[in-house]
Amino acid sequence: MVVLELIRKVCRTNRGEKGKYIKIIISLLNAPSTAVIYECAGTLVSLSSAPTAIRAAANTYCQLLLSQSDNNVKLIVLDRLNELKSSHSDIMVDLVMDVLRALSSPNLDIQRKTLDIVLELVTPRNINEVVLLLKKEVMKTQSGELEKNGEYRQMLIQAIHSCAIKFPEVASTVVHLMMDFLGDSNVASAIDVIVFVREIIETNPKLRVSIITRLLDTFYQIRASRVCSCALWIIGEYCLSPSEVESGIATIKQCLGELPFYSVSEEAEAIDASKKTPQSNSITVSSRRPAILADGTYATQSAASETAFSPPTIVQGSLTSGNLRSLLLTGDFFLSAVVACTLTKLVLRLEEVQPSKVEVNKATTQALLIFVSLLQLGQSPVLPHPIDNDSYDRIVLCIRLFCNTGDEIRKIWLQSCRQSFVKMLSEKQLQETEELKAKAQVSHAQPDDLIDFYHLKSRK
C-alpha cells in the first residue's frame, strides 16, 4: 500500500516517469492481499488510459467481484466497473460475460446494478450470449427457492425486453419463454411480459402468427385483470386470418363459461340477504357510538359487534370455464368492457374474412348474448357494487354497433386503434433516443465557471 501511495505521488509530480512504475503496479496485481489488488487496479486507471492497463484493472475488478462474499465490497467494485464503462466502454464490452457472473449473488441491489452495467455494453457481437444467460437465469427463478424470486424475475424480464427492442433478431428466441410467465403470481412481472409481447408483435411481423397461437393457448392461465385486458387487446388487434379470429372468439367464450353469469334463484337470495342484513358490509361498531343503518336511521348498540355480509354464492366455474369469469364475478367491470370491445373487433373482422354469412350471424348473436349477460350481471344485486357508467356505455356502444355498422365506424375499430399504438411506440422510441442524447451532452464544467490557473501552469 505504501509503495502504491509513493508511486502515485511520484507520478503526480513527474509525469514522464509513469511508464517505469506501471510495470511495478502490474506485477503487484499478483499480490495475495485483496486490498492491495484493489488499490493497484484503482492506481492503474488513474495513471494510464492504455488499453492493456485498463484491461488489467477491469479483469482485477471482475476477479474481486466473484471472489468476495461481502455484498458491500461487491457494490463498491460494481461502482468502479460502472466508471470504467463510461470512459472505456470498448474494453468493457469484452468482459460482459465476466460481469454477468455477479448475478449469482442473491442480493437484489447487486443484481440490479450488474444488469444496469451490462445492458449498456450489449453489442451485436455479444447479444446472443447475454440473452442466453438471462434466459437461464429466468428459468432458475421458476424453482421458487428464494423469496425474492418474483422481483428478480421482473428485473430479468425488463432486461430481456430492452435487449429485444435494441436487437429485434433475438426476440424470436425469448418471446415464447417469456409467455410462460403470463400467469405469474407476481403481477408486476406478468404485466412486463404482456407489454413486451405487445411491443414485439408490432415490431416483428414475422413472429405475429406464432405469438397469437401461443397467446390463445396460454390465455386461460392469466390470473391478473390488467394482464387479461392487455392480452385481450392483442387478440382483438392481431387475430387476422379466419382460423385465428374464430379461435379468438372461442377462447374468450370458453374463459367466460356458461351464460348467464348467475341464476334467478341466486338473484332472489341476494335480494333477501340484503333485506335481512341492514348493515350491508362488515362493520365493527363500538359501544359508545350509535350505528347508522342502511335506511339512514340510528341504532344504539350496547357492545362492540361485528356484522358480516356474505355475498350470495355464485357459480365460479371450474378451471375450464376460466379466469375471465372469476375476474368478472369479483365486480371488475372495466374488464367486461374490454371483453366487449375485443369481441366487437373480432366479429367485425370475421365479417371481412369469412365468406359464409351464416357463420358471421352466428358469431354476432353469440357476442350480443354475451354483452347483454355482462350488462345484466352489472345491474344485478348479486355483485357487491353495480356497473360504473363508463363501462356500461362502452358495452351499450358495442351492442349499437352490431345493429348499425358503417364503413367509417369499421375503419375506426379495425385500423385506427392499431395506428395509435404504432404512433405511441415510435414516440416512445424517439423519447428514449432524446434521453440518451441528453445524457451524452452533460457538461462537466459550465462556461462561466472560475478558471483554476494552476491547471494552465506549464508542467516542465
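The values are calculated or read from the model by the stated rules, or taken from the named source; none is laboratory data. Predicted model, so just to flag it, every value in this text is computed and none were measured. Glycine gets a Cβ as well: all are built from the backbone with ideal geometry, and neighbour counts include every protein chain shown. Protein only, heavy atoms only, side chains kept; ligands, DNA and RNA dropped before computing areas. Shrake-Rupley method; radii C 1.70, N 1.55, O 1.52, S 1.80 Å.
Yes/no matrix, rows are residues, columns are (1) at pLDDT below 85; (2) surrounded by fewer than 20 Cβ atoms within 10 Å (Cβ to Cβ):
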position	(1), (2)
LYS20	yes, yes
LEU28	yes, yes
TYR61	no, no
VAL73	no, yes
LEU78	no, no
LYS85	no, no
VAL93	no, yes
ASP98	no, yes
LEU103	no, no
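Quick check: is even one residue across the range 384-393 more than 30 Å from LEU329 (Cα to Cα) and open to solvent by 100 Å² or more (accessible area, probe 1.4 Å)?
So the first thing to find is which residues in the range 384-393 are more than 30 Å from LEU329 (Cα to Cα), and the list is none.
For the range 384-393, residues more than 30 Å from LEU329 (Cα to Cα) and open to solvent by 100 Å² or more (accessible area, probe 1.4 Å): absent.
Name the residue, out of VAL285, VAL358, that is modelled with pLDDT under 50 and farther than 22 Å from CYS228 by Cβ. Explain how you work it out, then say what you get.
On the way: VAL358 fails: modelled with pLDDT under 50.
After applying the criteria, what remains is VAL285.
Which one of the conditions (1) assigned to a helix (DSSP H, G or I); (2) open to solvent by 70 Å² or more (accessible area, probe 1.4 Å); (3) modelled with pLDDT under 85 does CYS40 fail to meet, given that it meets all the rest?
CYS40 satisfies all of (1) assigned to a helix (DSSP H, G or I); (2) open to solvent by 70 Å² or more (accessible area, probe 1.4 Å); (3) modelled with pLDDT under 85 except (2).
When you look at GLU359, is it under 15 Å from LEU414 (Cα atoms), out of contact with any strand residue (DSSP E or B) (no Cβ under 7 Å at 6 or more places or on another chain) and open to solvent by 20 Å² or more (accessible area, probe 1.4 Å), yes or no?
Numbers: under 15 Å from LEU414 (Cα atoms): no; out of contact with any strand residue (DSSP E or B) (no Cβ under 7 Å at 6 or more places or on another chain): yes; open to solvent by 20 Å² or more (accessible area, probe 1.4 Å): yes.
Considered against the rule, which asks whether it is under 15 Å from LEU414 (Cα atoms), out of contact with any strand residue (DSSP E or B) (no Cβ under 7 Å at 6 or more places or on another chain) and open to solvent by 20 Å² or more (accessible area, probe 1.4 Å), GLU359 comes out as no.
Would you check which residues across the range 397-422 are more than 19 Å from ILE235 (Cα to Cα) and surrounded by 10 or more Cβ atoms within 10 Å (Cβ to Cβ) and list them? Give the steps one after another, and end with the answer.
Restricting attention to the range 397-422, the residues satisfying the condition of being more than 19 Å from ILE235 (Cα to Cα) are 397, 399-409.
Those that are more than 19 Å from ILE235 (Cα to Cα) and surrounded by 10 or more Cβ atoms within 10 Å (Cβ to Cβ): LEU397, ILE399, ARG400, LEU401, PHE402, THR405, ILE409.
Any residue that is of a type in the set (Val, Ile, Thr) and loosely packed, with under 12 Cβ neighbours inside 10 Å - is there at least one of those in the range 423-446?
Kept after step one, since they are of a type in the set (Val, Ile, Thr), are these residues of the range 423-446: 433, 442.
Retained after the next criterion (residues that are loosely packed, with under 12 Cβ neighbours inside 10 Å): 433, 442.
Yes, the conditions are met somewhere in the range 423-446.
I'd like to know if the range 198-212 contains one or more residues that are assigned to a loop (DSSP other than H, G, I, E, B) and open to solvent by 50 Å² or more (accessible area, probe 1.4 Å).
Of all residues in the range 198-212, those assigned to a loop (DSSP other than H, G, I, E, B) come to 204.
From what is left, the residues that are open to solvent by 50 Å² or more (accessible area, probe 1.4 Å) are none.
So far as the range 198-212 goes, no, none of its residues is assigned to a loop (DSSP other than H, G, I, E, B) and open to solvent by 50 Å² or more (accessible area, probe 1.4 Å).
Within the range 114-124, is even one residue within 21 Å of GLN154 (Cβ to Cβ), of a type in the set (Val, Ile, Thr) and open to solvent by 10 Å² or more (accessible area, probe 1.4 Å)?
Applying the first criterion (within 21 Å of GLN154 (Cβ to Cβ)) to the range 114-124 yields 114-120, 122.
Filter once more, so that each one left must be of a type in the set (Val, Ile, Thr): 114, 117-118, 122.
Narrowing further to those that are open to solvent by 10 Å² or more (accessible area, probe 1.4 Å): 122.
Within the range 114-124, one or more residues are within 21 Å of GLN154 (Cβ to Cβ), of a type in the set (Val, Ile, Thr) and open to solvent by 10 Å² or more (accessible area, probe 1.4 Å).
Would you pick out the residues in the range 219-270 that are touching a Gly at 6+ places or on another chain (Cβ under 7 Å), open to solvent by 10 Å² or more (accessible area, probe 1.4 Å) and either basic (Lys, Arg) or not in a loop (DSSP other than H, G, I, E, B) (or both)?
TYR220, GLN221, ARG223, GLN254
So for the range 146-157 (the condition being open to solvent by 20 Å² or more (accessible area, probe 1.4 Å), over 28 Å from GLY183 (Cβ atoms), modelled with pLDDT of 85 or more and assigned to a helix (DSSP H, G or I)), does at least one residue qualify?
no
For the structure I just gave you, tell me whether ARG8 is in a helix (DSSP H, G or I), at pLDDT below 80 and either of a type in the set (S, T, N, Q) or in contact with a Ser or Thr (Cβ under 9 Å, 6 or more places away or on another chain) (or both). Let's see the steps before the verdict.
Working: in a helix (DSSP H, G or I): yes; at pLDDT below 80: yes; either of a type in the set (S, T, N, Q) or in contact with a Ser or Thr (Cβ under 9 Å, 6 or more places away or on another chain) (or both): yes.
Judged against the criteria, ARG8 is a match.
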